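Step one of this worksheet: look at the structure below.
The values are calculated or read from the model by the stated rules, or taken from the named source; none is laboratory data. This structure is a prediction, so every number in the text was calculated from the model and none was measured. Counting neighbours? That spans all protein chains shown, and the Cβs are built from the backbone with ideal geometry, glycine included. Accessible surface areas use protein heavy atoms only, side chains included; no ligands, DNA or RNA. Shrake-Rupley method; radii C 1.70, N 1.55, O 1.52, S 1.80 Å.
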Amino acid sequence: MRKIIAAFNMTLDGICDHTAGIPDQEIHSHYTDLLNQADAILYGRITFHLMEYWLPYVRNPSGEKSMDDFARAIDKIPKIVFSHSLKDIAWKSATLAVGELGKEVQKLKQQPGRDIIVGSRSLIVQLMNLQLIDEYQLCVYPVVAGRGLSLFENISNRIILKLTGVKTFSGGAVILYYKTAATD
């Protein structure tokens, strides 16, 4: 069975504003590897639109290897977008989900293949409440934002996690790897 992996960036105080972190070459390379090892990534509408930022780098590389590699990886990986308002998507490797989030994710888990990444805050919260996330990979930047959108807002039940690993980057960010205690 495939794992559902919540991979997300946040500040030390739990804020997930994409402008608050400081991604560098190491972090771009890490996420490139993660994308290359997965079968798909799930997005909500807002995060999907934010990720379209990378499309110009596919057509016109920046010359910065880690960013260009990430752009190619994000372009290549199949993206499944959950949205009630989007009617079509121009990104060739993206599709709109047709069913309800929980049922679609259950189907994806049952299929053979590699893991599925969840890269959208709203989907992570919904899937946490449905107890469908198997692993968390939280990149914590050494920044205190002070205000903003909390990653773990609106969680309906207590969730116990088990730390399974830590990856430290030279810029001070760390990735904390957790699995749910239920998947032990």
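Overview of results
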| read-out | value |
| --- | --- |
| Accessible surface of the chain [probe 1.4 Å, protein heavy atoms]: carbon and sulfur percent | 54 percent |
| Protein-only accessible surface order, largest first, of Lys107, Lys179 at 1.4 Å | Lys107, Lys179 |
| Local electrostatic count, Ala145, Cβ distance below 10 Å [Lys/Arg +1, Asp/Glu -1] | -1 |
| Radius 9 Å from Cβ of Ile5, net charge of other residues (Lys, Arg +1; Asp, Glu -1) | -2 |
| Whole-number percent relative contact order across the chain, with pairs defined as alpha carbons under 8 Å at least 6 apart | 34 percent |
| Efficiency of FRET from Cβ geometry, Gln110 and Ser85, R₀ 41 Å, rounded to 0.05 | 0.90 |
| Area accessible to solvent at Cys139, 1.4 Å probe radius, in Å² | 0 Å² |
| Exposure of Tyr177 as accessible area (Å², to 10), given a probe of 1.4 Å and all protein chains | 50 Å² |
| Solvent-accessible ranking of Arg158, Arg72, largest area first, probe 1.4 Å | Arg158, Arg72 |
| Most mobile listed residue (Tyr57, Tyr141, Tyr43) in the chain, GNM with C-alpha springs under 10 Å | Tyr57 |
| Those aspartates and glutamates that a straight Cα-Cα span of less than 12 Å connects to Lys3, excepting residues fewer than 8 apart in one chain | Asp39, Asp115, Asp134, Glu135 |
| Neighbourhood net charge (14 Å Cβ-Cβ; Lys/Arg +1, Asp/Glu -1) for Asp75 | +2 |
| 1.4 Å probe accessible area per residue over the stretch 28-170, in Å² | 55 Å² |
| Farthest toward positive dipole pole in the chain [+1 Lys/Arg, -1 Asp/Glu at C-beta], among Gln25, Ala6, Gln111 | Gln111 |
| Listed values [x] 71.0, 235; [y] 15.8, 49; [z] 15.9, 46, entry calculated as Rg and Dmax of the Cα atoms in Å | [z] |
| Probe 1.4 Å - accessible area at Met67, Å² to nearest ten | 40 Å² |
| The stretch 107-162 and the stretch 12-66: distance between their alpha carbon centers, rounded to Å | 16 Å |
| Helix-only [θ]222 nm of the chain, DSSP H runs n ≥ 4, -39500 (n - 2.57) each, per residue, nearest 500 | -8500 deg cm²/dmol |
| Efficiency of FRET from Cβ geometry, Ala181 and Asn36, R₀ 35 Å, rounded to 0.05 | 0.75 |
| Solvent-accessible surface ranking, highest first, for Lys87, Lys92, Lys79, Lys167 at 1.4 angstrom | Lys92, Lys87, Lys167, Lys79 |
